[in-house]
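The values are calculated or read from the model by the stated rules, or taken from the named source; none is laboratory data. It should be emphasised that the depicted structure is a prediction, and the values quoted were computed from it without experimental measurement. As a convention, Cβ positions derive from the backbone with ideal geometry for all residues, glycine included, and neighbour counts pool all protein chains shown. All accessible areas refer to the heavy atoms of the entire protein, side chains included, with ligands and DNA or RNA removed. Shrake-Rupley method; radii C 1.70, N 1.55, O 1.52, S 1.80 Å.
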Amino acid sequence: MNFNDTEIVASIMKNSGWEIVATPEEATAVLLNTCSVRENAESRVIRRLKQYNHKFKKLNKRYIIGIIGCMAERFNQHLVDLENSVNVVIGPDEYRRMPALLDQALSGNKAVAVELSTVETYDDIIPLRTEGISAWLSIMRGCNNFCSYCVVPYTRGRERSRPMQSLIEETRQLFHKGFREVTLLGQNVNSYKDEETGSTFDILISKIAEISPLLRIRFTTSHPRDMNDNLIQTIAQYPNICKHIHLPVQSGSNRILKKMNRRYTVEHYLSIIDKIKSTIPNSAITTDIIAGYPSETEEDHQQTLELLKQVRFSGAFMFKYSPREGTRAFDEPDDVPEETKIRRLNEIINLQNSISKELNQLEKGRVLEVLVEAPSKKKQQEWMGRSSSNKVVIFPNPQGIYKTGDYVDVLIKKSTSATLFGEVVEKK
Ligand code: 5AD
Ligand code: SF4
(Lines give C-alpha, C1' and ligand atoms only; values in the text may rest on other atoms or scores of the structure.)
(Ligands and ions follow the chains in the order given, each with its own letter.)
Protein backbone atom coordinates (compact mmCIF):
# COMPACT_ATOMS: atom_id res chain seq x y z
CA MET A 1 0.00 0.00 0.00
CA ASN A 2 2.89 2.34 0.70
CA PHE A 3 4.30 1.67 -2.76
CA ASN A 4 1.02 2.82 -4.23
CA ASP A 5 0.84 5.82 -1.89
CA THR A 6 4.34 6.81 -2.99
CA GLU A 7 3.14 6.75 -6.60
CA ILE A 8 0.20 8.97 -5.62
CA VAL A 9 2.52 11.43 -3.87
CA ALA A 10 4.88 11.42 -6.87
CA SER A 11 1.93 12.25 -9.12
CA ILE A 12 0.79 15.15 -6.90
CA MET A 13 4.32 16.56 -6.76
CA LYS A 14 4.92 16.21 -10.48
CA ASN A 15 1.66 17.96 -11.29
CA SER A 16 2.74 20.93 -9.26
CA GLY A 17 6.09 21.26 -11.01
CA TRP A 18 8.44 19.16 -8.91
CA GLU A 19 10.69 16.62 -10.55
CA ILE A 20 11.81 13.20 -9.38
CA VAL A 21 15.58 12.70 -9.41
CA ALA A 22 17.56 9.50 -9.32
CA THR A 23 19.56 9.96 -6.11
CA PRO A 24 19.09 11.85 -2.82
CA GLU A 25 22.35 13.72 -3.56
CA GLU A 26 20.72 15.60 -6.45
CA ALA A 27 17.52 16.39 -4.54
CA THR A 28 16.18 19.55 -2.94
CA ALA A 29 13.95 17.45 -0.70
CA VAL A 30 13.72 13.81 0.26
CA LEU A 31 10.48 12.27 1.51
CA LEU A 32 10.47 9.03 3.49
CA ASN A 33 7.20 7.12 3.25
CA THR A 34 6.94 5.21 6.50
CA CYS A 35 5.24 2.22 8.13
CA SER A 36 4.36 1.98 11.84
CA VAL A 37 3.05 -1.55 11.99
CA ARG A 38 6.01 -2.88 13.99
CA GLU A 39 8.74 -1.19 15.97
CA ASN A 40 11.58 -2.34 13.73
CA ALA A 41 10.00 -0.60 10.71
CA GLU A 42 10.11 2.66 12.66
CA SER A 43 13.64 2.12 13.97
CA ARG A 44 14.82 1.70 10.38
CA VAL A 45 13.35 5.08 9.49
CA ILE A 46 15.03 6.76 12.45
CA ARG A 47 18.36 5.25 11.37
CA ARG A 48 17.80 6.44 7.80
CA LEU A 49 16.94 9.91 9.07
CA LYS A 50 20.21 10.15 10.96
CA GLN A 51 22.08 9.02 7.84
CA TYR A 52 20.42 11.67 5.67
CA ASN A 53 21.03 14.29 8.27
CA HIS A 54 24.68 13.40 8.39
CA LYS A 55 25.20 12.99 4.63
CA PHE A 56 23.13 15.84 3.23
CA LYS A 57 21.81 18.26 5.79
CA LYS A 58 25.16 18.89 7.44
CA LEU A 59 26.50 19.96 4.02
CA ASN A 60 23.44 21.91 2.92
CA LYS A 61 21.34 23.55 5.62
CA ARG A 62 18.48 24.11 3.15
CA TYR A 63 18.12 20.38 2.36
CA ILE A 64 14.57 19.34 3.20
CA ILE A 65 13.73 16.08 4.91
CA GLY A 66 10.08 15.01 5.06
CA ILE A 67 8.46 12.11 6.87
CA ILE A 68 5.19 10.97 5.34
CA GLY A 69 2.81 8.07 6.00
CA CYS A 70 1.91 6.25 9.20
CA MET A 71 4.88 7.36 11.30
CA ALA A 72 4.06 10.98 10.50
CA GLU A 73 0.54 10.35 11.73
CA ARG A 74 1.67 8.58 14.88
CA PHE A 75 4.42 11.00 15.95
CA ASN A 76 2.81 14.20 14.72
CA GLN A 77 4.56 17.38 15.95
CA HIS A 78 6.80 15.25 18.21
CA LEU A 79 8.73 14.06 15.18
CA VAL A 80 9.90 17.61 14.49
CA ASP A 81 10.83 18.09 18.16
CA LEU A 82 12.46 14.68 18.43
CA GLU A 83 14.49 14.77 15.23
CA ASN A 84 15.69 18.27 14.50
CA SER A 85 16.58 17.33 10.92
CA VAL A 86 12.90 16.85 9.97
CA ASN A 87 11.24 19.78 8.13
CA VAL A 88 7.89 18.31 7.10
CA VAL A 89 5.57 15.73 8.63
CA ILE A 90 2.60 14.68 6.48
CA GLY A 91 0.03 12.01 7.35
CA PRO A 92 -1.59 9.64 4.81
CA ASP A 93 -4.72 11.75 4.22
CA GLU A 94 -2.90 15.08 3.70
CA TYR A 95 -0.94 14.37 0.51
CA ARG A 96 -2.87 16.91 -1.56
CA ARG A 97 -1.34 19.66 0.56
CA MET A 98 2.18 18.38 0.03
CA PRO A 99 3.33 21.00 -2.56
CA ALA A 100 2.14 23.88 -0.34
CA LEU A 101 3.75 22.33 2.73
CA LEU A 102 7.04 21.88 0.90
CA ASP A 103 6.93 25.52 -0.18
CA GLN A 104 6.45 26.42 3.47
CA ALA A 105 9.49 24.31 4.35
CA LEU A 106 11.51 25.93 1.56
CA SER A 107 10.80 29.32 3.10
CA GLY A 108 12.31 28.09 6.35
CA ASN A 109 9.25 27.07 8.37
CA LYS A 110 8.56 23.58 9.61
CA ALA A 111 5.28 22.10 8.38
CA VAL A 112 3.10 19.48 10.06
CA ALA A 113 -0.20 18.16 8.61
CA VAL A 114 -1.76 15.03 10.07
CA GLU A 115 -5.56 15.42 9.88
CA LEU A 116 -7.28 12.14 9.05
CA SER A 117 -10.22 12.20 6.66
CA THR A 118 -13.31 10.05 6.41
CA VAL A 119 -13.63 10.58 2.65
CA GLU A 120 -10.20 11.00 1.06
CA THR A 121 -9.43 8.19 -1.43
CA TYR A 122 -7.30 10.17 -3.95
CA ASP A 123 -9.82 8.92 -6.48
CA ASP A 124 -8.96 11.53 -9.14
CA ILE A 125 -5.19 11.16 -8.89
CA ILE A 126 -3.55 8.80 -11.33
CA PRO A 127 -0.55 7.32 -9.52
CA LEU A 128 2.80 7.86 -11.24
CA ARG A 129 3.64 4.27 -12.10
CA THR A 130 7.07 4.03 -13.60
CA GLU A 131 8.01 0.53 -14.57
CA GLY A 132 7.02 -3.07 -15.05
CA ILE A 133 3.76 -4.73 -16.04
CA SER A 134 2.25 -4.98 -12.57
CA ALA A 135 0.29 -2.14 -11.04
CA TRP A 136 -0.94 -1.54 -7.52
CA LEU A 137 -4.45 -0.19 -7.18
CA SER A 138 -5.77 0.91 -3.78
CA ILE A 139 -9.50 0.22 -3.80
CA MET A 140 -10.04 1.42 -0.26
CA ARG A 141 -8.23 3.13 2.58
CA GLY A 142 -8.29 2.84 6.37
CA CYS A 143 -9.58 0.07 8.60
CA ASN A 144 -12.46 -0.32 11.06
CA ASN A 145 -11.41 -3.63 12.57
CA PHE A 146 -9.35 -2.54 15.56
CA CYS A 147 -7.46 -5.77 16.05
CA SER A 148 -6.02 -5.25 19.54
CA TYR A 149 -2.36 -5.25 18.49
CA CYS A 150 -2.70 -3.08 15.39
CA VAL A 151 -1.91 0.59 14.90
CA VAL A 152 -3.41 0.88 11.39
CA PRO A 153 -6.91 2.11 12.38
CA TYR A 154 -5.21 4.94 14.30
CA THR A 155 -2.71 5.93 11.61
CA ARG A 156 -4.90 5.45 8.53
CA GLY A 157 -8.30 6.26 9.95
CA ARG A 158 -11.75 4.92 9.06
CA GLU A 159 -12.51 2.63 6.19
CA ARG A 160 -13.65 4.18 2.89
CA SER A 161 -13.93 2.73 -0.62
CA ARG A 162 -13.15 4.25 -4.01
CA PRO A 163 -16.06 4.36 -6.48
CA MET A 164 -16.29 1.21 -8.59
CA GLN A 165 -16.68 2.98 -11.92
CA SER A 166 -13.45 4.92 -11.58
CA LEU A 167 -11.56 1.77 -10.50
CA ILE A 168 -12.80 -0.03 -13.62
CA GLU A 169 -11.84 2.94 -15.79
CA GLU A 170 -8.36 3.21 -14.29
CA THR A 171 -7.77 -0.53 -14.76
CA ARG A 172 -8.93 -0.35 -18.37
CA GLN A 173 -6.40 2.42 -19.00
CA LEU A 174 -3.68 0.40 -17.29
CA PHE A 175 -4.40 -2.55 -19.56
CA HIS A 176 -4.23 -0.33 -22.65
CA LYS A 177 -0.91 1.09 -21.49
CA GLY A 178 0.49 -2.46 -21.42
CA PHE A 179 0.05 -3.51 -17.79
CA ARG A 180 -0.80 -7.20 -17.49
CA GLU A 181 -1.38 -7.55 -13.75
CA VAL A 182 -3.21 -5.44 -11.23
CA THR A 183 -3.20 -5.98 -7.47
CA LEU A 184 -6.26 -4.59 -5.70
CA LEU A 185 -5.22 -3.27 -2.31
CA GLY A 186 -7.00 -2.62 0.94
CA GLN A 187 -6.53 -3.40 4.62
CA ASN A 188 -9.66 -5.50 4.37
CA VAL A 189 -10.75 -5.84 0.74
CA ASN A 190 -13.72 -8.05 1.67
CA SER A 191 -15.53 -5.09 3.12
CA TYR A 192 -15.21 -3.02 -0.09
CA LYS A 193 -18.47 -1.26 -0.92
CA ASP A 194 -19.32 1.04 -3.82
CA GLU A 195 -21.44 3.82 -2.29
CA GLU A 196 -23.41 4.47 -5.47
CA THR A 197 -24.50 0.94 -6.39
CA GLY A 198 -23.92 -0.94 -3.14
CA SER A 199 -21.68 -3.36 -5.07
CA THR A 200 -19.45 -5.56 -2.93
CA PHE A 201 -15.92 -6.84 -3.55
CA ASP A 202 -16.96 -9.94 -5.51
CA ILE A 203 -18.82 -7.70 -8.00
CA LEU A 204 -15.90 -5.27 -8.31
CA ILE A 205 -13.37 -8.05 -8.92
CA SER A 206 -15.55 -9.78 -11.51
CA LYS A 207 -16.04 -6.51 -13.44
CA ILE A 208 -12.30 -5.87 -13.38
CA ALA A 209 -11.62 -9.45 -14.51
CA GLU A 210 -13.94 -8.92 -17.47
CA ILE A 211 -11.79 -6.08 -18.85
CA SER A 212 -9.54 -8.63 -20.58
CA PRO A 213 -8.65 -12.31 -20.15
CA LEU A 214 -5.01 -11.20 -20.60
CA LEU A 215 -5.11 -9.11 -17.44
CA ARG A 216 -4.29 -10.93 -14.22
CA ILE A 217 -6.04 -9.81 -11.06
CA ARG A 218 -4.60 -10.19 -7.56
CA PHE A 219 -5.87 -8.79 -4.29
CA THR A 220 -4.79 -8.37 -0.70
CA THR A 221 -5.65 -8.47 2.20
CA SER A 222 -8.69 -10.57 3.09
CA HIS A 223 -10.06 -10.78 6.61
CA PRO A 224 -11.32 -14.26 7.60
CA ARG A 225 -14.41 -12.81 9.22
CA ASP A 226 -15.58 -11.17 5.99
CA MET A 227 -14.45 -13.84 3.53
CA ASN A 228 -17.64 -15.12 1.92
CA ASP A 229 -18.81 -17.83 -0.48
CA ASN A 230 -19.59 -15.38 -3.27
CA LEU A 231 -15.98 -14.25 -3.40
CA ILE A 232 -14.64 -17.82 -3.36
CA GLN A 233 -17.02 -18.68 -6.23
CA THR A 234 -15.94 -15.61 -8.20
CA ILE A 235 -12.25 -16.46 -7.86
CA ALA A 236 -12.98 -20.00 -9.09
CA GLN A 237 -15.08 -18.74 -12.00
CA TYR A 238 -12.58 -16.37 -13.68
CA PRO A 239 -9.35 -17.92 -14.99
CA ASN A 240 -7.60 -14.53 -14.83
CA ILE A 241 -8.32 -13.98 -11.12
CA CYS A 242 -5.18 -15.43 -9.57
CA LYS A 243 -5.59 -18.53 -7.48
CA HIS A 244 -3.88 -17.08 -4.46
CA ILE A 245 -5.59 -15.95 -1.29
CA HIS A 246 -3.75 -14.17 1.49
CA LEU A 247 -5.78 -14.85 4.60
CA PRO A 248 -4.02 -13.77 7.80
CA VAL A 249 -4.87 -16.07 10.72
CA GLN A 250 -2.45 -14.53 13.32
CA SER A 251 -2.77 -17.37 15.86
CA GLY A 252 -4.01 -20.95 16.19
CA SER A 253 -5.39 -20.41 19.69
CA ASN A 254 -9.01 -19.38 20.18
CA ARG A 255 -8.11 -17.73 23.48
CA ILE A 256 -5.49 -15.53 21.79
CA LEU A 257 -7.71 -14.81 18.76
CA LYS A 258 -10.36 -13.53 21.15
CA LYS A 259 -7.88 -11.30 22.94
CA MET A 260 -6.66 -10.06 19.54
CA ASN A 261 -10.25 -9.06 18.72
CA ARG A 262 -10.11 -11.00 15.46
CA ARG A 263 -13.77 -12.04 15.81
CA TYR A 264 -13.43 -15.56 14.37
CA THR A 265 -12.45 -18.94 15.82
CA VAL A 266 -9.94 -21.49 14.56
CA GLU A 267 -12.91 -23.71 13.60
CA HIS A 268 -14.45 -20.96 11.48
CA TYR A 269 -11.09 -20.24 9.84
CA LEU A 270 -10.64 -23.93 9.01
CA SER A 271 -14.13 -24.09 7.49
CA ILE A 272 -13.17 -21.26 5.10
CA ILE A 273 -9.95 -23.07 4.19
CA ASP A 274 -11.98 -26.20 3.41
CA LYS A 275 -14.30 -24.22 1.16
CA ILE A 276 -11.40 -22.58 -0.67
CA LYS A 277 -9.62 -25.91 -1.18
CA SER A 278 -12.72 -27.68 -2.44
CA THR A 279 -13.92 -24.83 -4.69
CA ILE A 280 -10.54 -23.72 -6.09
CA PRO A 281 -8.29 -26.74 -6.61
CA ASN A 282 -4.55 -25.94 -6.68
CA SER A 283 -5.06 -22.58 -5.05
CA ALA A 284 -2.31 -21.18 -2.86
CA ILE A 285 -3.22 -19.86 0.56
CA THR A 286 -0.80 -17.67 2.49
CA THR A 287 -1.09 -16.12 5.93
CA ASP A 288 0.33 -13.83 8.62
CA ILE A 289 1.31 -15.10 12.08
CA ILE A 290 2.21 -13.19 15.24
CA ALA A 291 4.35 -15.01 17.82
CA GLY A 292 4.38 -14.04 21.49
CA TYR A 293 1.19 -11.98 21.85
CA PRO A 294 0.68 -10.93 25.53
CA SER A 295 -0.12 -13.93 27.78
CA GLU A 296 0.58 -16.48 24.99
CA THR A 297 1.39 -19.81 26.67
CA GLU A 298 3.34 -22.76 25.35
CA GLU A 299 0.00 -24.45 24.71
CA ASP A 300 -1.28 -21.50 22.62
CA HIS A 301 1.96 -21.62 20.64
CA GLN A 302 1.61 -25.37 20.05
CA GLN A 303 -1.89 -24.73 18.71
CA THR A 304 -0.45 -22.27 16.17
CA LEU A 305 2.05 -24.93 15.04
CA GLU A 306 -0.81 -27.44 14.79
CA LEU A 307 -2.82 -25.06 12.64
CA LEU A 308 0.14 -24.59 10.28
CA LYS A 309 0.41 -28.37 9.93
CA GLN A 310 -3.29 -28.71 9.32
CA VAL A 311 -3.73 -25.95 6.73
CA ARG A 312 -0.35 -26.33 4.99
CA PHE A 313 -0.05 -22.73 3.79
CA SER A 314 2.12 -22.15 0.73
CA GLY A 315 3.79 -19.27 2.52
CA ALA A 316 3.52 -16.96 5.50
CA PHE A 317 4.71 -13.63 6.84
CA MET A 318 5.76 -14.37 10.40
CA PHE A 319 6.37 -11.73 13.05
CA LYS A 320 7.26 -11.28 16.69
CA TYR A 321 4.64 -9.33 18.60
CA SER A 322 5.63 -5.67 18.79
CA PRO A 323 3.77 -3.47 21.32
CA ARG A 324 2.31 -0.33 19.69
CA GLU A 325 1.38 2.61 21.85
CA GLY A 326 -2.30 3.56 21.66
CA THR A 327 -3.54 0.07 20.78
CA ARG A 328 -5.57 -2.00 23.21
CA ALA A 329 -2.88 -4.66 23.51
CA PHE A 330 -0.45 -1.97 24.67
CA ASP A 331 -2.29 -1.84 27.99
CA GLU A 332 -1.55 -5.50 28.59
CA PRO A 333 1.82 -6.55 29.99
CA ASP A 334 4.18 -7.60 27.18
CA ASP A 335 4.91 -10.66 29.29
CA VAL A 336 6.34 -13.21 26.86
CA PRO A 337 10.12 -12.93 27.39
CA GLU A 338 12.11 -11.85 24.33
CA GLU A 339 14.04 -15.18 24.13
CA THR A 340 10.74 -17.08 24.20
CA LYS A 341 9.26 -14.89 21.45
CA ILE A 342 12.34 -15.47 19.31
CA ARG A 343 12.32 -19.22 19.96
CA ARG A 344 8.62 -19.51 19.12
CA LEU A 345 9.00 -17.38 16.01
CA ASN A 346 11.90 -19.58 14.85
CA GLU A 347 9.86 -22.73 15.42
CA ILE A 348 7.05 -21.24 13.34
CA ILE A 349 9.44 -20.17 10.57
CA ASN A 350 11.20 -23.55 10.44
CA LEU A 351 7.94 -25.47 10.29
CA GLN A 352 6.46 -23.18 7.64
CA ASN A 353 9.62 -23.32 5.51
CA SER A 354 9.55 -27.11 5.51
CA ILE A 355 5.86 -27.07 4.50
CA SER A 356 6.53 -24.56 1.68
CA LYS A 357 9.38 -26.76 0.47
CA GLU A 358 7.22 -29.90 0.48
CA LEU A 359 4.39 -28.14 -1.37
CA ASN A 360 6.83 -26.80 -3.96
CA GLN A 361 8.20 -30.31 -4.51
CA LEU A 362 4.69 -31.38 -5.50
CA GLU A 363 4.85 -28.85 -8.35
CA LYS A 364 7.56 -30.88 -10.11
CA GLY A 365 6.22 -32.36 -13.34
CA ARG A 366 3.32 -29.89 -13.47
CA VAL A 367 2.86 -27.26 -16.16
CA LEU A 368 2.15 -23.76 -14.82
CA GLU A 369 1.05 -20.69 -16.72
CA VAL A 370 3.59 -17.95 -16.03
CA LEU A 371 3.41 -14.23 -16.74
CA VAL A 372 6.92 -13.26 -17.88
CA GLU A 373 8.37 -10.39 -15.82
CA ALA A 374 12.12 -9.78 -16.14
CA PRO A 375 15.62 -11.29 -16.27
CA SER A 376 16.38 -13.17 -13.05
CA LYS A 377 18.78 -11.46 -10.69
CA LYS A 378 21.31 -14.27 -10.65
CA LYS A 379 21.81 -15.28 -14.28
CA GLN A 380 21.50 -13.12 -17.41
CA GLN A 381 20.14 -15.94 -19.58
CA GLU A 382 17.42 -16.86 -17.12
CA TRP A 383 14.17 -15.03 -16.69
CA MET A 384 11.59 -14.95 -13.94
CA GLY A 385 7.84 -14.72 -13.82
CA ARG A 386 5.03 -15.74 -11.52
CA SER A 387 2.42 -18.47 -11.56
CA SER A 388 -1.21 -17.71 -10.87
CA SER A 389 -0.54 -19.06 -7.35
CA ASN A 390 2.10 -16.29 -6.98
CA LYS A 391 5.12 -18.59 -7.01
CA VAL A 392 8.32 -17.27 -8.52
CA VAL A 393 9.26 -19.40 -11.55
CA ILE A 394 12.73 -19.28 -13.19
CA PHE A 395 13.23 -20.52 -16.76
CA PRO A 396 15.89 -20.26 -19.48
CA ASN A 397 15.39 -17.51 -22.06
CA PRO A 398 18.75 -17.45 -23.87
CA GLN A 399 17.71 -15.74 -27.09
CA GLY A 400 15.31 -13.42 -25.32
CA ILE A 401 12.38 -15.07 -27.14
CA TYR A 402 10.05 -14.52 -24.22
CA LYS A 403 9.34 -10.88 -23.47
CA THR A 404 7.98 -9.04 -20.47
CA GLY A 405 4.19 -9.41 -20.48
CA ASP A 406 4.09 -12.71 -22.43
CA TYR A 407 2.26 -15.72 -21.03
CA VAL A 408 4.19 -19.00 -21.21
CA ASP A 409 3.54 -22.54 -19.99
CA VAL A 410 6.44 -23.80 -17.92
CA LEU A 411 7.13 -27.44 -17.04
CA ILE A 412 8.48 -27.44 -13.48
CA LYS A 413 11.65 -29.50 -12.99
CA LYS A 414 13.18 -28.33 -9.69
CA SER A 415 12.15 -26.42 -6.60
CA THR A 416 13.27 -24.86 -3.32
CA SER A 417 11.09 -23.52 -0.48
CA ALA A 418 10.85 -20.15 -2.25
CA THR A 419 11.32 -20.76 -6.00
CA LEU A 420 10.36 -23.09 -8.85
CA PHE A 421 12.62 -23.82 -11.84
CA GLY A 422 11.46 -25.16 -15.20
CA GLU A 423 11.44 -24.96 -18.98
CA VAL A 424 8.99 -23.28 -21.29
CA VAL A 425 6.89 -25.80 -23.19
CA GLU A 426 4.60 -23.34 -24.92
CA LYS A 427 4.33 -19.64 -25.60
CA LYS A 428 0.75 -18.37 -25.70
N1 5AD B 1 3.19 -6.79 16.15
C2 5AD B 1 3.53 -7.78 15.30
N3 5AD B 1 2.92 -7.96 14.11
C4 5AD B 1 1.92 -7.12 13.78
N5 5AD B 1 1.13 -7.05 12.68
C6 5AD B 1 0.29 -6.00 12.82
N7 5AD B 1 0.50 -5.39 14.01
C8 5AD B 1 1.52 -6.07 14.62
C9 5AD B 1 2.19 -5.92 15.86
N10 5AD B 1 1.85 -4.96 16.72
C11 5AD B 1 1.21 -8.00 11.60
C12 5AD B 1 -0.09 -8.80 11.44
C13 5AD B 1 -0.69 -8.20 10.18
C14 5AD B 1 0.55 -7.81 9.41
C15 5AD B 1 0.33 -6.81 8.32
O16 5AD B 1 1.40 -7.29 10.38
O17 5AD B 1 0.24 -10.15 11.24
O18 5AD B 1 -1.51 -9.13 9.49
FE1 SF4 C 1 -4.79 -4.01 11.49
FE2 SF4 C 1 -6.73 -5.82 11.91
FE3 SF4 C 1 -7.18 -3.69 10.29
FE4 SF4 C 1 -5.51 -5.66 9.48
S5 SF4 C 1 -7.71 -5.87 9.89
S6 SF4 C 1 -5.14 -3.43 9.36
S7 SF4 C 1 -4.55 -6.29 11.43
S8 SF4 C 1 -6.78 -3.63 12.49
Problem - Positive minus negative residues near residue 129 (Lys, Arg vs Asp, Glu; Cβ under 10 Å) - result: -1
Problem - Which of 219, 188, 350, positive extreme of dipole for the chain (C-beta unit charges) - result: 350
Completion exercise
Taking 0.36 nm per residue of separation between residue 23 and residue 382 and subtracting their Cα-Cα distance, the length gained on full extension comes to 126.3 nm
Exercise for the section: Could you please state, rounded to a whole Å, how far the C-alpha centre of the range 180-194 is from the C-alpha centre of the range 404-423? Expected result: 27
Exercise for the section: Determine the per residue accessible area of the chain with all protein chains present and a 1.4 angstrom probe, expressed in square angstrom. Expected result: 47
Practice task
Please work out the FRET efficiency for the pair residue 41 and residue 61, using the Cβ-Cβ distance as r and a Förster radius of 22 Å; give the result to the nearest 0.05.
Solution key: 0.15
Practice task
Would you mind counting up the charge near residue 84? Only other residues with Cβ under 15 Å from its Cβ, with Lys and Arg at +1 and Asp and Glu at -1.
Solution key: +4
Completion exercise
Distance in nm between residue 146 and residue 158 label points, each 7 Å along Cα→Cβ, equals 1.3
Exercise for the section: Per residue of the range 87-92, in order, report the coupling 6.51 cos²θ - 1.76 cosθ + 1.60 (Karplus, θ = phi - 60°) as ³J(HN,Hα) in whole Hz, putting x for Gly and Pro. Expected result: 9, 10, 10, 10, x, x
Exercise for the section: Write down the percent of antiparallel bridges among all DSSP beta bridges whose residues are both part of the chain, to the nearest 5. Expected result: 40
Problem - Fraction of accessible area attributable to carbon and sulfur, the chain (%, probe 1.4 Å) - result: 50
Practice task
Any aspartates and glutamates with Cα under 19 Å of the residue 427 Cα? List them, leaving off those in the same chain fewer than 8 positions away.
Solution key: 181, 369, 373, 382, 406, 409
Completion exercise
Singleton cysteines, the chain, no second Cys beta-carbon under 4.7 Å -> 35, 70, 143, 242
Completion exercise
With +1 on the Cβ of every Lys and Arg and -1 on the Cβ of every Asp and Glu, the dipole magnitude of the chain about its Cα centre, in debye rounded to the nearest 20, is 1040
Fill in the blank from the handout: Flagged as over-length at 32 Å C-alpha distance, from 275/391; 275/364; 275/379; 207/378; 277/428; 243/377, the pairs are 275/379; 207/378
Completion exercise
So, relative contact order of the chain in percent, Cα under 8 Å, 6 or more apart, is 10
Exercise for the section: Could you check the simple spin-label distance between residue 195 and residue 338, using points 7 Å along Cα→Cβ, in nm with one decimal? Expected result: 4.7
